[in-house]
Amino acid sequence: MLRSTLVAAVRRYSATAAAAASTASASAPAPTDLKAVLKVDLKAAMRAKNSLESSVIRSLISDIGYAEKSQAGAPANLVVLVAAAHKRRLESVRQFTAANRLDLVETEQKEMVVLERYLPKALSGDEIDARIGAICSELKVQDKRGLKAVLARTATEDELSALGNGRIVEAVTKYLASSPPK
């Protein structure tokens with residue numbers, strides 16, 4: 001029952017995120033949809049008495065609320081907050097493994113599985129390079145001075161905004177090295 005509810009909620013989020021991306025409106029409705037999906041999923045986890053899942057979702061909702069208050073409004077892309085929470089858990093796993101605390105590693109890994117439901121599909125290196133190359137050619141980037149525009153543009157796309165700026169800079173550098181000088 002819980003699994004089917006969660007799968008349905010994730011599908012709803014994916015469908016609304018895809019619809020929002022296809023319309024490409026100025027104000028992205030996807031962040032509020034993710035927040036609504038999180039609230040529905042929290043209720044489902046609480047009804048199923050799944051304390052691990054409900055605590056992870058509560059922490060995500062808390063992170064969103066903190067970001068809304070500290071940045072004077074809702075952040076443009078909530079996927080960045082989910083990716084940051086996932087990255088924190090990944091770093092905790094590394095530290096707990098080094099300290100030989102396997103009980104805590106298991107808990108953190110279960111939390112990462114919950115967070116991965118709300119992250120977009122990971123792109124391969126070639127897909128990232130192709131998408132960044134398309135953005136660079138669209139923005140007519142000819143040297144590293146156009147990097148700021150590329151970073152601003154990638155911040156609005158779910159799959160690319162979850163990447164670190166270092167990976168985006170690497171892809172832009174690869175694009176500039178492969179493109180002929182003009």
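By the Cα gyration tensor, segment 48-144 has an equivalent ellipsoid whose semi-axes, rounded to whole angstrom, run 31, 20, 13 from largest to smallest. Cα-Cα over 28 Å: which of 35/174; 43/121; 35/144; 87/148; 39/148; 69/148? Distance filter (> 28 Å) returns 35/174; 35/144; 39/148. Return the FRET efficiency for the residue pair residue 127, residue 59: r is the Cβ-Cβ distance, R0 is 35 Å, and the value is rounded to the nearest 0.05. It comes out at approximately 0.70. Given a 1.4 Å probe and the protein chains as shown, residue 103 ends up with an accessible area of around 90 Å². Once the chain from residue 170 to residue 36 is taken as fully extended at 0.36 nm per residue, the excess over their C-alpha distance is 44.8 nm.
Ranking of 91, 68 by solvent-accessible surface, largest first: 91, 68 (1.4 Å probe, protein heavy atoms only, all chains present). Residue separation of residue 100 and residue 87 scaled by 0.36 nm, minus their Cα-Cα distance, works out to 2.7 nm of gained length.
The values are calculated or read from the model by the stated rules, or taken from the named source; none is laboratory data. As the structure is a computational prediction, the values presented were derived from the model and not from experiment. As a convention, Cβ positions derive from the backbone with ideal geometry for all residues, glycine included, and neighbour counts pool all protein chains shown. Just the protein is used for accessible areas: all its heavy atoms, side chains included, with ligands, DNA and RNA removed. Shrake-Rupley method; radii C 1.70, N 1.55, O 1.52, S 1.80 Å.
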